1. Among 20, 36, which is loosely packed, with under 11 Cβ neighbours inside 10 Å and modelled with pLDDT under 50?
2. Which residues, taken from the stretch 118-149, are over 18 Å from residue 162 (Cβ atoms), in contact with a Leu (Cβ under 7 Å, 6 or more places away or on another chain) and not aliphatic (A, V, I, L, M)?
3. For the stretch 107-122, name all the residues that are over 16 Å from the mean Cα position of the chain (by Cα) and either not assigned by TED's automatic domain parsing to the domain that holds residue 85 or not polar (S, T, N, Q) (or both).
4. Pull up the stretch 101-148, narrow it to residues that are without any contact (Cβ under 8 Å) to a residue 40 or more places away in the chain and within 15 Å of residue 80 (Cα to Cα), then point me to the one that is surrounded by the fewest Cβ atoms within 10 Å (Cβ to Cβ).
5. Among 61, 44, 79, 70, which is the only one that is within 22 Å of the chain's Cα centre (by Cα), at pLDDT 80 or above, over 30 Å from residue 128 (Cβ atoms) and crowded, with 16+ Cβ neighbours inside 10 Å?
Amino acid sequence: MVSVLGIRGAARWLFGALAAASAAIAAPVLPAAADATYHTERLAFVAVGNAPLRAGSVVNAHANGGRIYAHEQYALVGAQPNTAYQVVLLVDLDSASCATAPELTLPTAVITTNAAGNGTASAVFTPAAATELAGLTVGGRWQVTLVEDATVLYQTACTAITLD
């Protein structure tokens, strides 16, 4: 036989849990501080030549914060299995359309694919790392090369990146 106190205690616990859940759902959601100048962008990797690839992309997100200036996330799907790839950011300081040779070549991360040819990696840039580029609009594109011999297998189109 269940006591009346046991039922009341369970009911109070259930009511408290529901009240807490309701308060959490109704609480205002504060927006993340996103960059008002350069909005997050997803660029597709395309294969160079006949390199295998079902899909791939780089997501370039800039934040207005004291610790993170930019956060890049890379993904390859259906690339060569069990392979190490170097992601390289090419920055053209003179042309937002990448019309001239890149002045900066920045290796950012290594993607190692699994047996299915899938892999991810990311890179974070601090505000201190971008100090000298503040206020510029540059051309940027990403390449993915084989770690072993730097052969370019995948790349994105050029994009204009405004750095604040």
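The values are calculated or read from the model by the stated rules, or taken from the named source; none is laboratory data. Since the structure is predicted, the reported quantities are computational estimates derived from the model, not experimental observations. When we count neighbours, we look across all protein chains shown, and the Cβ atoms used for this are built from the backbone with ideal geometry, even at glycine.
1. Residue meeting the stated conditions: 20.
2. Within the stretch 118-149, 118, 119, 143, 145 meet the criteria.
3. Those that are over 16 Å from the mean Cα position of the chain (by Cα) and either not assigned by TED's automatic domain parsing to the domain that holds residue 85 or not polar (S, T, N, Q) (or both): 115, 116, 117.
4. 115
5. None of the other options fit; the residue is 79.
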